[in-house]
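Here the structure is laid out as structure tokens; the discussion comes afterwards.
The values are calculated or read from the model by the stated rules, or taken from the named source; none is laboratory data. All figures in this text were calculated on a predicted structure; none of them were measured in a lab. When we count neighbours, we look across all protein chains shown, and the Cβ atoms used for this are built from the backbone with ideal geometry, even at glycine. Heavy atoms of the whole protein, side chains included, go into the accessibility calculation; ligands, DNA and RNA do not. Shrake-Rupley method; radii C 1.70, N 1.55, O 1.52, S 1.80 Å.
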Amino acid sequence: MNILIVGSGGREHAIALSVSKSPRAEKIYCAPGNAGISALAECAPIGAMEFEKLVSFAKEKAIDLVIVGMDDPLVGGLVDELEAAGIRTFGPRKNAAILEGSKAFSKDLMKKYNIPTAAYETFDDAEKALEYLKTADFPIVLKADGLALGKGVLICNTPKEAEEGVKTIMEDRKFGDAGNRMVVEEFMTGREVSVLSFVDGKTIKIMSSAQDHKRAGDNDTGLNTGGMGTFSPSPFYTDEIDDYCKKYIYQATVDAMAAEGRPFQGVIFFGLMLTEKGPRVLEYNARFGDPEAQVVLPRMKNDILEVMEACIDGKLDQIDLEFEDNAAVCVVLASEGYPLHYEKGLAISGLERFEQEEGYYCFHAGTKFDENGTLVTNGGRVLGITAKGSDLKEARKNAYEATEWVQFANKYMRHDIGNTIMEL
Ligand code: AMP
Ligand code: GLY
């Protein structure tokens, strides 16, 4: 099969690695890809939102399967365009990707189908939101309705902060059109777990759980980022929690989407909070997580292409997902200053060792080759250093050791990825 992967981050690198292991894969392309992905796939300089170019490229290269890794093109309808051109595609159509694309949609869906989540109100109008917030309980959570790179969520501790938050989202429009509507949500507390799943429109199969670390600084300080590190599985995701989620959340979501005439084919990412009252859905994403994919996919035993084809063909019930009985930890190496201001173009060295060591992975997020062919940094999140181990503690030790192999001038990382598991 000829495969085209759409995206350019560590997640797409992890997908490309899994695809490269499939005996079905002949030629792999990635658009636009990055320096690391180019070792596994031929990268085409086409942006993920250049739909016409992607469709033409897929036709020209006789692509048998397109895998859309990123949220923006999914929410924008890339899958519909590729399908209209007769190209098989793994990922939800526009009418299903709205599960991630609109928080108001996903909250209304959960309410209508009794899927456990935080209580909320939706506002199109800043005045009405401000009026509501006068009598609300604090802390409270404000969320821009649309896609905002995981940054459109504001946790407000006081009425004054909430007032400023409404201004930021709806009036200053810091998150652009994502702020046309706003969801105001009850603040919940508990551990967070990311659960990724494959879905074929009616059947859902759950992957091994993971946990992300979203804040930029150690001990969960600093700004929210795309994710600074992950571990899998999450020891806090117990069998009891799994049973509850299977009963009230996973299949219920898939059935709700089908009942709404929006059958979902692809990956649903359940962002869960394990509250005292039980698991609650914080958010849905319509794709693999980044950097969750970097710890979940290397542990998956199945042929990823077989699973993805089963999703497209509505035959996921015939697949048994299997994961290795071990653990993985990913530590993101970022550029100092991320997620705000950081330098790009700094030379990276020390990656050779990953070729030689079994169970160690260096997933590229923001890298490129400069005009001299030198590998340089090209983004805030630069590399995802992942290692496996027989258990989480060993995986964590291995991953942190491997971060020492890599050098670049403004290398920055959190030092407490997976610290919570050390207490167990
Ligand atoms: P989201 O993009 O909706 O996952 O939100 C980003 C982050 O904000 C989550 O990972 C949580 O840490 C936090 N968050 C979102 N919603 C809530 C909530 N209702 N209560 C507490 N924290 C929340
Ligand atoms: N790591 C969180 C996300 O992919 O949205």
Of the numbered conditions (1) in contact (Cβ under 8 Å) with a residue 40 or more places away in the chain; (2) open to solvent by 10 Å² or more (accessible area, probe 1.4 Å); (3) touching a Leu at 6+ places or on another chain (Cβ under 7 Å); (4) within 28 Å of Ile385 (Cβ to Cβ), Ala14 fails exactly one; give the number of that condition.
(2)
Condition first: crowded, with 22+ Cβ neighbours inside 10 Å and part of a helix (DSSP H, G or I). Now tell me which residues in the range 251-264 satisfy that.
Thr253, Met257
Working only within the range 198-232, note down all residues that are assigned to a strand (DSSP E or B), over 16 Å from the mean Cα position of the chain (by Cα) and either closer than 23 Å to Ile249 by Cα or within 14 Å of ligand 1 (Cβ to nearest atom) (or both).
Asp200, Ile204, Lys205, Ala216, Thr221, Gly222, Leu223
Taking the condition out of contact with any Cys (no Cβ under 6 Å at 6 or more places or on another chain), modelled with pLDDT of 95 or more and within 16 Å of ligand 2 (Cβ to nearest atom), does Ala216 pass?
yes
Taking the range 144-191 as the search range and keeping residues that are open to solvent by 70 Å² or more (accessible area, probe 1.4 Å) and among the aliphatic types (A, V, I, L, M), which one is farthest from Val75 (Cα to Cα)?
Ile155
Looking at (1) within 16 Å of ligand 2 (Cβ to nearest atom); (2) more than 24 Å from Tyr120 (Cα to Cα); (3) among the polar types (S, T, N, Q), find the lone condition where Asn302 falls short.
(1)
Only one residue in Gln356, Gln407 is in contact with a strand residue (DSSP E or B) (Cβ under 6 Å, 6 or more places away or on another chain) and of a type outside the set (A, V, I, L, M, F, W, C). Which one?
Gln407
Output the qualifying pairs, or none if there are none: Cβ atoms under 6 angstrom, residues six or more apart or on different chains, first residue in the range 311-335 and surrounded by fewer than 18 Cβ atoms within 10 Å (Cβ to Cβ), second residue charged (D, E, K, R) and part of a loop (DSSP other than H, G, I, E, B).
Glu322/Lys301
Extreme residue, farthest from Phe175 (Cα to Cα), among residues of the range 63-81 that are open to solvent by less than 20 Å² (accessible area, probe 1.4 Å) and in a helix (DSSP H, G or I):
Val79
For the range 338-350, enumerate the residues that are surrounded by fewer than 18 Cβ atoms within 10 Å (Cβ to Cβ) and over 12 Å from Ala409 (Cβ atoms).
Leu340, His341, Gly350
Entirely in the range 314-424, the helices (runs of 4 or more DSSP H) that have 1 or more residues that are farther than 25 Å from Cys43 by Cα and modelled with pLDDT of 95 or more:
392-403
Mind listing whichever residues of the range 66-81 are touching an Asp or Glu at 6+ places or on another chain (Cβ under 7 Å) and more than 16 Å from ligand 1 (Cβ to nearest atom)?
Gly69
Of the residues that make up the range 281-288, is at least one open to solvent by 30 Å² or more (accessible area, probe 1.4 Å), in a strand (DSSP E or B) and more than 25 Å from Ala387 (Cα to Cα)?
yes
Condition first: open to solvent by less than 10 Å² (accessible area, probe 1.4 Å), farther than 24 Å from Ala97 by Cβ and at pLDDT 95 or above. Can you find one or more residues in the range 192-209 that meet it?
no
Quick check: is even one residue across the range 108-126 of a type in the set (A, V, I, L, M, F, W, C), crowded, with 17+ Cβ neighbours inside 10 Å and more than 22 Å from Ala252 (Cα to Cα)?
yes
Among the residues of the range 232-250, which ones are loosely packed, with under 15 Cβ neighbours inside 10 Å and touching a strand residue (DSSP E or B) at 6+ places or on another chain (Cβ under 8 Å)?
Lys246
Among the residues of the range 259-285, what is the count of those that are more than 13 Å from ligand 1 (Cβ to nearest atom), under 22 Å from Ile15 (Cα atoms) and in contact with a helix residue (DSSP H, G or I) (Cβ under 6 Å, 6 or more places away or on another chain)?
2
Just to be sure before I move on: is Val267 in a helix (DSSP H, G or I), open to solvent by less than 50 Å² (accessible area, probe 1.4 Å) and either under 19 Å from Leu321 (Cβ atoms) or among the aromatic types (Phe, Trp, Tyr) (or both) in the structure I sent?
no
